[in-house]
1. With each pseudo-label sitting 7 Å past Cα toward Cβ, what's the Thr48-Asn24 distance in nm, one decimal?
2. Could you compute the net charge surrounding Ala65? Neighbours are other residues with a C-beta less than 11 Å from the C-beta of Ala65; K and R count +1, D and E count -1.
3. Could you run the Karplus curve 6.51 cos²θ - 1.76 cosθ + 1.60 with θ = phi - 60° over the stretch 28-43 and give me ³J(HN,Hα) per residue in whole Hz, x for Gly and Pro?
4. Show me, for the stretch 53-65, the HN-Hα J-couplings you get by feeding each phi into the Karplus relation (A = 6.51, B = -1.76, C = 1.60, θ = phi - 60°), rounded to Hz, glycine and proline as x.
Amino acid sequence: MRQPSWLGIALVILLLVSPLPAQNVPAAPPPLVLAHVNLVNVADGSVTRDSVVTIHDGRITAVTASARVRPPAGAPAPGAVR
């Protein structure tokens with residue numbers, strides 16, 4: 001019968017003692033809504049007036065006319081500071 005090698009035993013002990021990765025994933029921050037903004041198209045200089053810009057995870061996710069949109073649930077009110 002073959003005896004286990006010290007390297008194999010050390011590897012098993014190392015795997016059992018090593019810290020496990022964290023299981024808690026932080027919740028994503030709520031979207032940020034900028035209401036009643038004017039957007040300028042830098043290519044042609046045109047202006048889109050009175051728009052709502054929604055930013056989620058650092059990216060613009062929606063641009064809509066102010067009259068046609070409701071802020072997403074959990075979004076801070078315009079002018080609010082996170």
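Bear in mind these aren't lab numbers, they're just calculated from the coordinates by the rules spelled out. Since the structure is predicted, the reported quantities are computational estimates derived from the model, not experimental observations. Glycine gets a Cβ as well: all are built from the backbone with ideal geometry, and neighbour counts include every protein chain shown.
1. 4.0
2. Every neighbour counted, the sum reads +1.
3. Listing the rounded values in order: 5, x, x, x, 9, 10, 9, 9, 6, 9, 9, 9, 10, 7, 6, 6 Hz.
4. 10, 9, 10, 9, 6, x, 10, 6, 10, 7, 10, 9, 5
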